[in-house]
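Have a look at the structure below, then the notes.
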Amino acid sequence: MADVNHTAFRPGTFLLVGIPGLEKFHLWISLPFFSMYIFALLGNLVLLFTIVREQSLHKPMYLFLSALTVADLLLSTTTVPRMLAIFWFRVGDISFGACIAQVFLIHFISNAESAILVGMAFDRYVAICNPLRYVTLLTHSVIWRIELAAVVRSFCIVLPIVFLLLRLSYCRNRVIPHSYCEHMGVARLACTSIKVNVVYGLTVALLSLGIDIVLIAVSYGLILRAVFQLPSAGARRKAMSTCGSHLCIIFLFYTPAFFSFLTHRFGGHSIPRHVHILLACLYVVVPPMLNPIIYGVNNKQIRETVMSM
């Protein structure tokens, strides 16, 4: 009887179902996801190896890019292999501890990646608006401190989510209608009130990611003002070219993230559940796949370095 009560409070395992409503298409869905994951792994590993190996790339912009690459590798590897196991072998069982760990890692990496994008926006702002002080302001030690601050901030923000989930009493329903464990998906299986989880999750998203977007918008507002004040069209094109890759990555990261977040909480029944889950799955694999392609194609120095290897 004691075992039954313990199971009701904290189940030994959860069951991930993949993409609910599309179970019969899981095998077909897995093919593009597997391909995108392989491209993400190869692209990010090549990009990271290139930056580490080439001494001329040890500049602030590329140091931020290497941090973003590591985050992409961790985010996709934390989610996609288990997702593929569900699609291919219907192995959806995940232990309670592993599920909580996945929740922590997904939210931790996502928040850290958002902070890294802020750092990249600051790098572009200094490079274009204050180029004479670029080398003195963005030294290697300053870059490492910014990246360390991103990690510490993300850890402090996400750690309470773990304790908020651990405090809940769970019902016998252990089925998570998702392809991976995320905060609200796990919280909704609880028998007790999850109001604190809802409020905290919403507050974190609006404050941390919201503030990051505001900082990025302010940086690029100042950048655009400085660019349009440049005397020649060639200088303006060159300045905007250096920001184009970063703007694409920002768009890829925040658009699906906020669309999934807002529809998940406010979309009600107007958007089918499988659309929510499919978007959430794409969020963890599409940006990691496209980021190295965008930088590899648009950045001449990286492109030439890769071609000469």
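The values are calculated or read from the model by the stated rules, or taken from the named source; none is laboratory data. The model shown is predicted, which means the values in this text are computed figures rather than measured ones. With ideal geometry, Cβ positions are generated from the backbone for all residues, glycine too; neighbour counts draw on all protein chains shown. Ligands, DNA and RNA are stripped out before the accessible areas are found, and what is left, the full protein with its side chains, is counted by its heavy atoms. Shrake-Rupley method; radii C 1.70, N 1.55, O 1.52, S 1.80 Å.
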Who wins for biggest fluctuation among 111, 291, 299 in a Gaussian network model of the chain, springs between alpha carbons below 10 Å? 299
The whole-number value in µm²/s of the Stokes-Einstein translational diffusion coefficient for the stretch 4-77, with Rh from the Kirkwood sum over alpha carbon pairs at 10 °C and 1.306 mPa s, is 101 µm²/s
What fraction, in whole percent, of alpha-carbon pairs in the stretch 180-220 exceed 12 Å separation? 65 percent
Neighbour-limited loop hits for trypsin sites (Lys or Arg not before Pro), the stretch 171-223 (at most 11 other Cβ within 10 Å; DSSP other than H, G, I, E, B): 172
Counting Lys and Arg as +1 and Asp and Glu as -1 over every other residue whose Cβ sits under 11 Å from the Cβ of residue 70, the net charge comes to -3
Plugging the Cβ-Cβ distance of residue 217 and residue 148 into 1/(1 + (r/R0)^6) at R0 = 25 Å yields, to the nearest 0.05, a FRET efficiency of 0.55
Find the centroid of the Cα atoms in the stretch 190-222 and in the stretch 114-188, then give the distance between the two in whole Å. 11 Å
Which FRET efficiency value, to the nearest 0.05, do you get for residue 46 and residue 247 by plugging their Cβ-Cβ distance into 1/(1 + (r/R0)^6) with R0 = 22 Å? 0.45
Karplus 3J(HN,Hα) series, Hz, for the stretch 81-94 with 6.51 cos²θ - 1.76 cosθ + 1.60 (x for Gly, Pro): x, 5, 4, 5, 4, 5, 5, 8, 10, 6, 8, x, 5, 9
On average over all directions, what projected area in square nanometres does the stretch 97-183 have, based on the convex hull of its Cα atoms? 7.3 nm²
Whole-percent pair-distance distribution, where bins are 10 Å wide, for the alpha carbons of the stretch 44-112: 18, 37, 26, 15, 4
Cα-only Rg/Rh for the chain with Kirkwood Rh rounds to 1.01
For the stretch 24-87, the accessible surface attributable to carbon and sulfur atoms (probe 1.4 angstrom, ligands and nucleic acids excluded) amounts in percent to 76 percent
Cleavage-rule hits (trypsin sites (Lys or Arg not before Pro)) in the stretch 60-155: DSSP loop, at most 12 neighbouring Cβ within 10 angstrom: 90
In Hz, Karplus ³J(HN,Hα) per residue of the stretch 23-38 (6.51, -1.76, 1.60; θ = phi - 60°; x = Gly, Pro): 4, 6, 9, 4, 4, 5, 5, 5, 5, x, 5, 5, 5, 5, 5, 4
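Taking all protein chains in place and a 1.4 Å probe, what share, in percent, of the accessible surface of the stretch 94-136 do carbon and sulfur account for?
70 percent
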I need the Debye-formula profile for the stretch 139-259: one equal scatterer per C-alpha, no solvent, reported as log10 I(q)/I(0) at q = 0.14, 0.23 1/Å, two decimals. -0.82, -1.36
For a test of the definition: using alpha carbon positions, the gyration tensor, and the 1.5 limit on a/c, classify the stretch 162-202 as rounded, prolate or oblate. oblate
Rounded accessible area per residue of the chain, 1.4 Å, Å²: 49 Å²
Given springs between every Cα pair under 10 Å in a Gaussian network model of the chain, which of 61, 120, 240 has the largest fluctuation? 240
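Volume per residue, Å³, of the convex hull around the alpha-carbon atoms of the stretch 1-153?
153 Å³
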